[in-house]
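Q: Sending over a structure as structure tokens; questions will come in a sec.
The values are calculated or read from the model by the stated rules, or taken from the named source; none is laboratory data. Bear in mind that the values here come from a model prediction, so they are computed numbers and not experimental data. Ideal geometry is used to build each Cβ from the backbone, glycine not excepted, and the neighbour counts take in all protein chains shown.
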Amino acid sequence: MEVKIALAGNPNSGKTTMFNDLTGSNQRVGNWPGVTVEKKEGRLKGARDVVIQDLPGIYSLSPYTLEEVVARSYLVNEKPDAIINIVDGTNIERNLYLTTQLIELGIPTVVAVNMIDVVRKNGDKIDLKKLGAALGCEVMETSALKGEGSHEAARRAAELAREGRRVEAPSVFDGSVEHAIAHIEESIEGRVDKRYLRWYAIKVFERDEKVLEELKLEPGLWKHIDEHISDCEREMDDDAESIITNQRYAYIARVVSSAVKKKQSGLKMTASDKIDRIVTDRIAALPIFVVIMAAVYWIAMGPVIGTPITDWTNDVLVGEWCMETVRGWMEGAAVAPWLTGLVVDGIIAGVGAVIGFVPQMLILFVMLSILEDVGYMARIAFIMDRIFRKFGLSGKSFIPMLIGSGCGVPAVMASRTIENERDRRMTIMTTCFIPCSAKLPIIGMIAGAFFDNAWWVATSAYFVGVLSIVISGIILKKLKAFAGDAAPFVMELPPYHAPAAGNVLRATWERGWSFIKRAFTVILLSTVIIWFLQSFGSENGAFGMVEDNNNSLLAAVGGAVAFIFVPLGFGTWQATVGAVGGLVAKENLVAIMGVCYGFAEVAEAGDEMWSILAADYSGIAGYSFMVFNLLCAPCFAAMGAIKREMNSPKWTLAAIGYMCGFAYCMSLVIYQLGGLILGQVVFGFWTAVALAVLAGMLYLLFRRNPYGEYGERLRGKRASANA
Amino acid sequence: MLEWLCVNAASVAVGLAVLAVVALAAWKVLKDKKHGKGSCSCGSGCGGCACSGICHGHAEGK
Amino acid sequence: MLPLSLAEPMVPQSIAKITGKDEVRRHLAELGLVLGEEVKVVSTLGGNVILQVKDSRIALDRELANRIMVRG
């Protein structure tokens with residue numbers, strides 16, 4: 001008989017670790033229908049008939065946030081057979097707030113007091129039996145991180161599920177409230193599953209909108225119940241919801257004082273607090289942050305670790321071991337030269353170019369994962385909040401930017417922490433402006449071909465990215481769709497702890513493997529297709545393989561569209577094809593341009609190609625090309641993430657459209673006006689257009705915000721007062 | 001015909017190999033598309049991502 | 001009574017009143033910030049506050065901290 005066990009608990013309680021521990025790789029991840037809340041389900045290791053359903057981390061079963069609603073619906077409608085409630089043993093009072101609500105559901109529950117290892121280290125003692133008796137359920141100790149107790153808890157939960165015993169929830173509330181609840185239970189009996197009766201009654205007492213909607217009580221009946229509730233409210237001089245909340249906490253305080261003995265009573269300064277006082281210090285916070293991030297990037301991309309590994313991968317692994325070896329074989333076996341070209345200069349070079357930058361990206365990823373695991377990322381959001389608020393965003397919008405420097409896909413997904421939908425959409429729309437590691441080869445190519453590998457090119461690329469986000473933020477905030485102050489910043493800061501190697505390594509491995517998979521499938525295919533398209537065409541009136549690929553099919557197709565990019569300085573078919581190829585994967589762009597210009601071993605540096613590029617484009621055109629590709633629509637994978645997170649075709653198109661449009665405008669201004677200043681461009685029609693575009697952008701940037709803090713339209717005097 | 005094959009055996013072999021690889025790659029891409037996995041560079045959505053803390057919930061760690 | 005953003009750090013304070021929109025108040029309640037609760041300011045950054053609430057640490061921005069009144 002299949003048994004369904006739900007895993008519920010606060011965020012930061014160790015739920016994810018326990019879920020992974022219980023299900024191993026037998027898990028399936030998706031989204032709850034219709035919402036961007038992740039749904040994780042798996043089978044218990046060693047007991048295939050036990051299904052573990054991971055619920056989103058929630059603080060309570062109220063109907064206010066998406067996660068809570070999703071968890072609630074599952075528990076009430078899907079009727080799991082048991083619940084494992086993960087409770088953070090070092091934060092037990094707050095965690096029990098959810099526990100009392102779960103028990104009211106009447107589903108057999110096992111409370112797993114997690115992080116018991118930390119509890120013991122702190123010298124605190126938890127009496128499991130007393131706690132269980134007071135709460136009305138079984139309580140067990142676990143340390144998911146250390147792999148202790150999770151399986152026992154799951155097994156016990158499965159046992160309880162099979163026994164199907166009735167759960168007796170204790171009386172948590174005061175006499176008069178319990179009385180009112182009993183009354184309500186009588187009134188709604190028969191309308192709901194017997195198991196959930198008490199939970200529904202309490203929700204009715206709280207005047208829970210969603211429950212009332214679901215129950216559809218007759219007006220007469222509701223009036224009667226409402227009177228009872230109002231009586232209680234008058235008696236206690238508080239609203240029903242607050243009454244329930246306060247009494248819950250009071251009950252929990254009593255339970256905890258009898259069952260939990262803390263070594264140090266009262267609020268104490270922990271090691272985490274001491275670290276926080278330094279790390280979030282008014283003066284030291286930003287410099288510390290800058291130093292840490294500089295270290296991260298220096299390790300990932302710097303001269304000691306990052307660059308050597310990348311160079312080795314490109315030159316040795318791909319260059320010597322693969323390309324030259326295979327070329328040797330093929331020429332030795334007298335394989336037709338065009339086929340050799342396809343395999344060595346096309347496929348291996350193309351795929352190799354991509355593989356080349358994977359080590360660097362992985363290192364960056366490991367570093368960012370460590371920062372997150374340690375708990376510092378949460379502090380970063382807090383530190384940045386003050387600055388970001390000035391642009392109408394909250395600090396939570398900064399984390400996606402940081403992650404975006406590695407890869408845009410998790411960056412877009414990281415926007416989920418932003419509760420405010422408006423802010424979240426805006427963050428999704430602008431996060432991809434930050435150069436991800438796949439864009440680094442593009443920067444490298446431009447820096448090498450046009451600027452003699454100057455260091456400032458890369459720095460300016462990041463600067464352009466951040467600037468674009470800030471500009472976009474300001475401009476978008478003055479539009480109706482995004483108007484209004486950023487939502488209040490509330491974030492729980494988990495205590496610092498040493499990074500768990502398992503989590504970090506496993507995540508990095510998964511990401512690396514995905515990238516490699518992508519290289520050998522999508523990129524391989526596109527390289528082959530491009531190679532063929534640029535090898536065949538009409539030369540001298542006949543169709544066949546061409547000598548000069550400017551006569552190829554690809555050149556024809558690219559050339560037809562290239563006019564779009566003429567005002568930006570790079571209206572050639574090669575650049576057009578490159579940009580489009582970049583949509584498949586940004587790292588693809590350099591390889592594709594290499595193929596278009598007839599070069600092999602372009603890899604990440606593309607030395608041979610540089611002189612040709614320098615001849616074909618002016619310096620400012622090269623820079624404009626770089627900016628365009630950095631800012632325009634991201635790769636397919638990132639676009640897919642945007643589509644999933646926006647959950648709306650209209651918004652997805654808006655996001656991608658905005659990025660392309662913004663990129664076009666920026667490139668236009670940079671090429672025309674920058675070129676004018678540098679003397680590489682002559683004043684013409686498009687220069688005038690660029691001036692107009694610049695004027696337009698400045699206007700949008702600096703105009704008075706026509707909307708107030710709540711997104712309402714300001715008129716007349718109020719508008720000028722709010723300027 | 002046979003003579004041509006003998007002379008160009010290597011080319012044919014390599015050509016077939018390339019075709020096989022391309023077909024495999026194409027099949028994999030289509031299979032992923034059907035399963036709705038998309039060419040996400042993070043394989044299983046949010047599977048075991050250490051960054052899952054930042055991705056969902058309010059700073060859900062561990 | 002004074003707003004949390006002005007409260008002295010490292011000294012236990014008792015929450016006297018929380019003004020403002022319901023949604024935010026409810027969310028704070030879920031995190032343990034209710035009337036009468038004892039909290040302690042661990043750190044401030046330009047008005048933004050890190051609060052110690054029942055063994056956990058909650059970070060709040062300045063506007064929110066201004067809406068939570070504590071007994072001085």
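Q: Being more than 9 Å from every other protein chain (Cβ to nearest Cβ), surrounded by fewer than 17 Cβ atoms within 10 Å (Cβ to Cβ) and within 18 Å of A:Arg94 (Cβ to Cβ) is the filter here, so list the residues in the stretch C:1-50 that pass it.
A: Result: C:Ser14, single match.
Q: Still on this structure: Can you confirm whether the stretch A:41-56 contains a residue that is among the polar types (S, T, N, Q) and modelled with pLDDT of 85 or more?
A: Yes, that holds for at least one residue.
Q: Here is a follow-up. Among the residues of the stretch A:477-504, which ones are in a helix (DSSP H, G or I) and either facing another protein chain (nearest Cβ under 7 Å) or touching a residue at least 60 places away in the same chain (Cβ under 8 Å) (or both)?
A: A:Lys477, A:Lys480, A:Phe482, A:Asn503, A:Val504
Q: Looking only at the stretch C:16-38, which residues are in a strand (DSSP E or B) and in contact with a helix residue (DSSP H, G or I) (Cβ under 8 Å, 6 or more places away or on another chain)?
A: Matches in the stretch C:16-38: C:Ile18 only.
Q: In the stretch A:251-271, which residue that is at pLDDT 85 or above and either crowded, with 17+ Cβ neighbours inside 10 Å or under 37 Å from the mean Cα position of the chain (by Cα) (or both) is nearest to C:Pro9 (Cα to Cα)?
A: Top of the filtered list is A:Ala253.
Q: Here's another thing I want to ask about it. So in the stretch A:285-306, with the set limited to residues that are free of Cβ contacts under 8 Å to residues at least 40 places away in the same chain and surrounded by 13 or more Cβ atoms within 10 Å (Cβ to Cβ), which one is nearest to C:Lys40 (Cα to Cα)?
A: Once the filter is applied, the top-ranked residue is A:Ile288.
Q: May I pose another question? Just for the stretch A:32-55: of the residues that are surrounded by 15 or more Cβ atoms within 10 Å (Cβ to Cβ) and assigned to a loop (DSSP other than H, G, I, E, B), which one is farthest from the other protein chains (Cβ to nearest Cβ)?
A: Per the criteria, the residue is A:Lys45.
Q: So, B:Lys33, is that one under 30 Å from A:Val412 (Cα atoms), facing another protein chain (nearest Cβ under 7 Å) and either in a helix (DSSP H, G or I) or modelled with pLDDT of 80 or more (or both) or not?
A: no
Q: Among what's in the stretch A:628-653 and is outside any helix (DSSP H, G or I), of a type in the set (A, V, I, L, M, F, W, C) and more than 13 Å from chain B (Cβ to nearest Cβ), pick the residue that is surrounded by the fewest Cβ atoms within 10 Å (Cβ to Cβ).
A: Among them, the one singled out is A:Ala633.
Q: Hey, another quick one. When you check A:Gly395 against the structure, is it in contact with a strand residue (DSSP E or B) (Cβ under 9 Å, 6 or more places away or on another chain) and either closer than 19 Å to A:Gly502 by Cα or surrounded by fewer than 22 Cβ atoms within 10 Å (Cβ to Cβ) (or both), yes or no?
A: Working: in contact with a strand residue (DSSP E or B) (Cβ under 9 Å, 6 or more places away or on another chain): yes; either closer than 19 Å to A:Gly502 by Cα or surrounded by fewer than 22 Cβ atoms within 10 Å (Cβ to Cβ) (or both): no.
So A:Gly395 fails the test.
Q: For the stretch A:383-407, which positions are more than 10 Å from chain B (Cβ to nearest Cβ) and in a helix (DSSP H, G or I)?
A: Once the filter is applied, which keeps residues that are more than 10 Å from chain B (Cβ to nearest Cβ) and in a helix (DSSP H, G or I), the stretch A:383-407 yields A:Ile383, A:Met384, A:Asp385, A:Arg386, A:Ile387, A:Phe388, A:Arg389, A:Gly395, A:Ser397, A:Phe398, A:Met401, A:Gly404.
Q: Of the residues A:Val113, A:Val29, A:Val119, A:Val70, which is surrounded by fewer than 21 Cβ atoms within 10 Å (Cβ to Cβ) and among the aliphatic types (A, V, I, L, M)? Spell out how you get there, then give the answer.
A: Numbers: A:Val113 fails: surrounded by fewer than 21 Cβ atoms within 10 Å (Cβ to Cβ); A:Val119 fails: surrounded by fewer than 21 Cβ atoms within 10 Å (Cβ to Cβ); A:Val70 fails: surrounded by fewer than 21 Cβ atoms within 10 Å (Cβ to Cβ).
The conditions single out A:Val29.
Q: Sticking with this structure for a sec: From A:Ser468, A:Ser460, grab the single residue that is surrounded by fewer than 20 Cβ atoms within 10 Å (Cβ to Cβ) and in a helix (DSSP H, G or I).
A: The unique qualifying residue is A:Ser460.
Q: May I pose another question? Residue under question is A:Ser415, and the condition is that it be in contact (Cβ under 8 Å) with a residue 12 or more places away in the chain, touching an Asp or Glu at 6+ places or on another chain (Cβ under 7 Å) and assigned to a helix (DSSP H, G or I); does it hold?
A: yes
Q: Charged (D, E, K, R) and within 11 Å of another protein chain (Cβ to nearest Cβ): which single residue out of A:Asp373, A:Asp315, A:Asp311 fits that description?
A: A:Asp373 is the lone residue from the list that is charged (D, E, K, R) and within 11 Å of another protein chain (Cβ to nearest Cβ).
Q: Given the residues A:Ala182, A:Ala157, which is the only one that is among the hydrophobic types (A, V, I, L, M, F, W, C) and farther than 27 Å from A:Ile225 by Cα?
A: A:Ala157
Q: When the residues of the stretch C:57-72 are filtered to those that are assigned to a strand (DSSP E or B), out of contact with any Asp or Glu (no Cβ under 6 Å at 6 or more places or on another chain) and at the interface with another protein chain (Cβ under 7 Å from one of its Cβ atoms), which remaining residue is nearest to C:Met1 (Cα to Cα)?
A: Across the stretch C:57-72, the extreme among qualifying residues is C:Leu60.
Q: Oh, and also: Exactly one of these conditions fails for A:Ala201: (1) within 22 Å of C:Asp22 (Cβ to Cβ); (2) surrounded by 17 or more Cβ atoms within 10 Å (Cβ to Cβ); (3) free of Cβ contacts under 8 Å to residues at least 24 places away in the same chain. Give me its number.
A: Checking A:Ala201 against (1) within 22 Å of C:Asp22 (Cβ to Cβ); (2) surrounded by 17 or more Cβ atoms within 10 Å (Cβ to Cβ); (3) free of Cβ contacts under 8 Å to residues at least 24 places away in the same chain, the one that fails is (1).
Q: Oh, and also: Residues that are out of contact with any strand residue (DSSP E or B) (no Cβ under 8 Å at 6 or more places or on another chain) and closer than 18 Å to A:Ala144 by Cβ: find the helices (runs of 4 or more DSSP H) completely inside the stretch A:56-131 holding 1 or more of those.
A: Helices (runs of 4 or more DSSP H) meeting the threshold: A:116-122.
Q: Going by the structure shown, is A:Leu668 in a helix (DSSP H, G or I), crowded, with 17+ Cβ neighbours inside 10 Å and free of Cβ contacts under 8 Å to residues at least 12 places away in the same chain?
A: When the stated conditions are applied, A:Leu668 does not pass them.
Every residue, every condition in (1) in contact (Cβ under 8 Å) with a residue 24 or more places away in the chain; (2) assigned to a helix (DSSP H, G or I); (3) in contact with a strand residue (DSSP E or B) (Cβ under 7 Å, 6 or more places away or on another chain), yes or no:
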residue: A:Glu178; (1), (2), (3): no, yes, no
residue: A:Leu197; (1), (2), (3): yes, yes, yes
residue: A:Lys223; (1), (2), (3): no, yes, no
residue: A:Ile229; (1), (2), (3): yes, yes, no
residue: A:Cys232; (1), (2), (3): yes, yes, no
residue: A:Ala250; (1), (2), (3): no, yes, no
residue: A:Ala253; (1), (2), (3): yes, yes, no
residue: A:Val256; (1), (2), (3): yes, yes, no
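Q: Here's something else I'd like to know. Is it the case that the stretch B:39-57 has a residue that's in contact with a strand residue (DSSP E or B) (Cβ under 8 Å, 6 or more places away or on another chain), buried (at least 17 other Cβ atoms within 10 Å of the Cβ), assigned to a helix (DSSP H, G or I) and at pLDDT below 80?
A: yes
Q: Now for a different question. Filter the stretch A:307-338 down to residues that are in contact with a Pro (Cβ under 9 Å, 6 or more places away or on another chain) and not aliphatic (A, V, I, L, M) and give me whichever is surrounded by the most Cβ atoms within 10 Å (Cβ to Cβ).
A: Applying the filter and picking the extreme gives A:Thr310.
Q: Among the residues of the stretch A:408-444 satisfying the criterion of being within 9 Å of another protein chain (Cβ to nearest Cβ) and over 10 Å from the mean Cα position of the chain (by Cα), which is modelled with the highest pLDDT?
A: Filtering the stretch A:408-444 for residues that are within 9 Å of another protein chain (Cβ to nearest Cβ) and over 10 Å from the mean Cα position of the chain (by Cα), the one modelled with the highest pLDDT comes out as A:Ala438.
Q: Have a look at A:Asp276, A:Asp281, A:Asp237 and point out the one that is without any contact (Cβ under 8 Å) to a residue 12 or more places away in the chain and either among the hydrophobic types (A, V, I, L, M, F, W, C) or at the interface with another protein chain (Cβ under 9 Å from one of its Cβ atoms) (or both).
A: From the options A:Asp276, A:Asp281, A:Asp237, the qualifying one is A:Asp281.
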